[in-house]
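S.K.: I am attaching a structure below and will ask some questions about it afterwards.
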Amino acid sequence: MNENGFRDFLNDLEDAGQLKHIKKPVDCRQLSSLGDQVNEATIFENIIDYPGWRVATALVSTRKRLAIAMGCPENRVAFEFESKSTRPIKPISVKSAPCQEIVMEGDNVDLTTIPLPMMHLFDGGPYISGTFAISNDPEHGSNVGCYRLMYRTPNETGIDLVSPSDMRFYYQRALDKGEPLPIAIAVGVHPLDMLAASYKAPIDIDELALAGGLRGQALEMVKCKSLDLEVPADAEMILEGELLPIGWTADEGPFGEFSQISGDVKWNPVFRIKCITHRRDPIFYMLQMPWENDWLAAPVTEAAGLQALRIASVQPVDIRAPVGSCGYWSLIASIKKRPGEGKNAVAALLSVAEVKFVIVTDEDIDIYDPDELDWAIAFRVQANQDAIILEGARAKHIDPSVKSWLLGKGGLPTTAKLGIDATIPEGVPKILYRRIKNYGRDRFKLEDFE
Ligand SMILES: Cc1cc2nc3c(=O)[nH]c(=O)nc-3n(C[C@H](O)[C@H](O)[C@H](O)COP(=O)(O)O)c2cc1C
C-alpha cells in the first residue's frame, strides 16, 4: 500500500499543526467562503445533506504547505521537483483499491450524491476544482493533467479544454475520427501527484512515473470499472466516462480562475460519466481557488524555468514564480553570470509556456526581497539595452489584455512578452556596486551599549 497518499498528507499537515477541523454542520455553498478564512488547511467533518462525506480544502494554499508536501525548505521546492523528476518510478497495477469500495454505474450515476461546492459568486455552477485527469492515445500513450469540471446534470460535467494541452490534443485526435475520448478523473490525490499532472511534460513523458518519482514510490494503479484505463488506487473518488465528440460547443464557466479573476463563459466539450467509485468514508477535495492552483503552478513554472536555463547553459542560483502573477505569468531568477548570459537567461525564461514577464539578476540579489529587486532594476538596467520584447508568443485566454473574445470558437490567443536583464552590464566594474557597510559593524555590538 502506498504511504504517500492523500490521507498521509492530511496526517503530515496535522503533525505540522497545519490542519483545522470544523465539526459544525456546513452547507456546500458555505465551504469555499469558510475555507478561505482559515489560515490552516481545513477539513469539514459534517456536511449538511451528505452524511458520510467530509470535505478537505486549502491543503497547499501556501508555499509552506507545499514545502511540507515536498519534504524540503520553502525555497528549494522547485529544485527538489527538478531533481526528483529526473528519477521517475513507473506505476504498478493492483487488483483492488480503496477508491472502488463504493461503485455507482449506469442509471445509478448521480453527481448530486457528492457534496459539490458552489465556490464563487458568478460561477456557472458547482465545480470539482482539483482533479487528476487520465486519458490515453493509441500513439502517445497515457496522459495526466489537472482539469476542472463544472456540474451540468447528474451524469455530465463541463470541462475546460480551451488552452493547448496534451489532453486537448488527444481529444482533437479522437474528435477528428468522430469518436469520444475515454477519460478517468481521480479526486483526492497527494499534492505531488497534482504537481506531476500539472507539469507541462513533453507529450511522451509518463506523468504517472513522474508522480512516482516525486513520491519516491510507485503509484499503485487499479483498472477502472467501465474503461480500459487505470487510476490511482488510493484516491478518494473516481469519475469514469468520456468526452463527447461535440467539439467546443457547450457553455462552461464562469469560474473563479487561477488568474484571481472571475472568468468568462467559455465554449468547451462535455464529459459524460458512466461510473462513479469512491471510498466508503470519502473525503471530497475542494481545491481552493486561486491560491492552491497558484501555489501548485509556481514550482511547475519554476522547474520549467530551471530546465530552460540549463539548456541555455546558464547556471541558476534561485528562481521564483511569484504568486501575485499566479505562479504562471512571471519568473524571477538569479544566476551565476558569465558575459552575455543575462540575455541568454532572459530569452530562455521567456520561452517557458505562458511566462510573460522575466527578471534576471546576479547571484548577489535576494530575489525574494522586493527592495533588492527594485535596487537591481534601478542601477543595473538600461532600458534600451536590457529590455527584450518578444511579440506574437503563446498566451492564455483568461488574460484580459490578450482580447481572446475577438477569436472564434476554439481559437488560441497570442501575447507580447517582456524580459529585463538586471545583471551588472558587461563593461561596468563590479566595484561600482560595492554596498554601504557601517564603520566597525562587525566589532560594535548593540547589546554592549544597552
Ligand atoms: C488545480 C489545477 C487546475 C487546472 N485546471 C485546468 C483546466 O481546467 N484546463 C486546462 O487547460 N488546464 C488546467 N490546468 C493546467 C493543466 O493541468 C496543465 O497545463 C497540464 O500540464 C495539462 O496536462 P496535459 O498537457 O498533460 O494534458 C490546471 C492546473 C492546476 C494545478
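S.K.: Remind me, relative contact order of region 20-115 in percent, using alpha carbon pairs under 8 angstrom and six or more residues apart?
M.R.: Computed over region 20-115, the figure is 21 percent.
S.K.: When each pair of different Cα atoms in the chain is counted once in the 1/r mean, what is the Kirkwood radius in angstroms, to one decimal?
M.R.: Its Kirkwood hydrodynamic radius stands at 23.2 Å.
S.K.: Also, quick follow-up: Using the heavy atoms of the protein chains alone and a 1.4 angstrom probe, what is the accessible area of the chain per residue in square angstrom?
M.R.: Computed with neighbouring chains in place, this is 44 Å² per residue.
S.K.: Suppose a student asked you for the relative contact order of region 63-215, using Cα pairs under 8 Å spaced at least 6 residues apart; what percent would you report?
M.R.: 28
S.K.: Next question. Rank 164, 196, 250 by how far each Cα sits towards the positive end of the charge dipole of region 159-297 (+1 on Lys, Arg Cβ; -1 on Asp, Glu Cβ) and give me just the farthest.
M.R.: In region 159-297, that residue is 250.
S.K.: Give me the percent relative contact order of the chain, please, defined on Cα pairs under 8 angstrom at least 6 residues apart.
M.R.: Relative CO of the chain lands at 15 percent.
S.K.: Same structure, new question: DSSP loop (so not H, G, I, E, B), at most 11 other Cβ within 10 Å: list which GluC sites (Glu not before Pro) in region 1-69 pass both filters. Write down the numbers at each step before the final one.
M.R.: Values: sites: 3, 14, 40, 45; in loops: 3, 40, 45.
When the GluC sites (Glu not before Pro) of region 1-69 are filtered for loop state and at most 11 Cβ neighbours within 10 Å, 3 remain.
S.K.: What is the dipole size for the chain, taken about its Cα centre, with +1 at each Lys and Arg Cβ and -1 at each Asp and Glu Cβ, in debye to the nearest 20?
M.R.: On the way: 48 positive and 64 negative charges, 153 e Å.
Dipole about the Cα centre, nearest 20: 740 debye.
S.K.: Sticking with this structure for a sec: Exposed loop trypsin sites (Lys or Arg not before Pro) only (DSSP loop, at most 15 other Cβ atoms within 10 Å): please give the longest stretch of the chain free of them, not including the sites.
M.R.: In the chain, the maximal stretch lacking such sites is 281-402.
S.K.: Kindly work out what percent of the DSSP beta bridges joining two residues of the chain are antiparallel, to the nearest 5.
M.R.: 70
S.K.: Taking the DSSP beta bridges in region 312-433 as the whole, what percent of them are antiparallel, to the nearest 5?
M.R.: 50
S.K.: For region 76-287, give the magnitude of the charge dipole about the Cα centre (Cβ charges: +1 Lys/Arg, -1 Asp/Glu; no others), in debye to the nearest 20. Provide the component values of the computation, followed by the final result.
M.R.: Values: 19 positive and 30 negative charges, 77 e Å.
In debye, rounded to 20, region 76-287 gives about 380.
S.K.: Which residue, chosen from 432, 314, 16, occupies the Cα position most advanced towards the positive end of the dipole of the chain, where the dipole is computed from +1 (Lys, Arg) and -1 (Asp, Glu) charges on Cβ about the Cα centre?
M.R.: With unit charges placed on the Cβ atoms, the residue in question is 432.
S.K.: Sort region 312-433 into rounded, prolate or oblate with this rule: let a ≥ b ≥ c be the square roots of the eigenvalues of the Cα gyration tensor; rounded if a/c is under 1.5, and if a/c is not under 1.5, prolate when a/b is larger than b/c, oblate otherwise.
M.R.: Because a/c hits 1.5 or more and a/b exceeds b/c, region 312-433 counts as prolate.
S.K.: Only helices at least 20 Å long along their own axis, judged from Cα atoms, and with Kyte-Doolittle mean hydropathy of -1.0 or greater: name those in the chain from DSSP H.
M.R.: 291-311
S.K.: With a 1.4 Å probe and all protein chains left in place, how much of the accessible area of the chain comes from carbon and sulfur atoms, in whole percent?
M.R.: The C+S portion of the solvent-accessible surface of the chain is 52 percent.
S.K.: Region 90-186: Rg/Rh from Cα coordinates, Kirkwood Rh?
M.R.: Taking Rg over the Kirkwood Rh, I get 0.98.
S.K.: Can I ask one more? Find out how many positive minus negative residues lie around residue 70, taking Lys and Arg as positive, Asp and Glu as negative, among other residues whose Cβ is under 9 Å from that of residue 70.
M.R.: Summing Lys and Arg as +1 and Asp and Glu as -1 gives +1.
S.K.: For the chain, with the dipole built from +1 on Lys and Arg beta-carbon atoms and -1 on Asp and Glu ones, taken about the Cα centre, which of 126, 418, 383 lies farthest toward the positive end?
M.R.: After comparing all options, I get 383.
S.K.: If you don't mind, there's one more thing I want to ask. Which shape class applies to region 76-287: rounded if a/c is under 1.5, otherwise prolate when a/b exceeds b/c and oblate if not, where a ≥ b ≥ c are the square roots of the Cα gyration tensor eigenvalues?
M.R.: Rounded is the answer for region 76-287, as its axis ratio a/c remains below 1.5.
S.K.: Once a ≥ b ≥ c are taken as the square roots of the eigenvalues of the Cα gyration tensor of region 1-142, is the result rounded (a/c under 1.5), prolate (a/b larger than b/c) or oblate (a/b not larger than b/c)?
M.R.: Verdict is oblate for region 1-142.
The values are calculated or read from the model by the stated rules, or taken from the named source; none is laboratory data. Predicted model only: the values in this text are computed from it and were never measured. Glycine gets a Cβ as well: all are built from the backbone with ideal geometry, and neighbour counts include every protein chain shown. Keep in mind that these areas ignore ligands, DNA and RNA; they rest on the heavy atoms of the full protein, side chains included. Shrake-Rupley method; radii C 1.70, N 1.55, O 1.52, S 1.80 Å.
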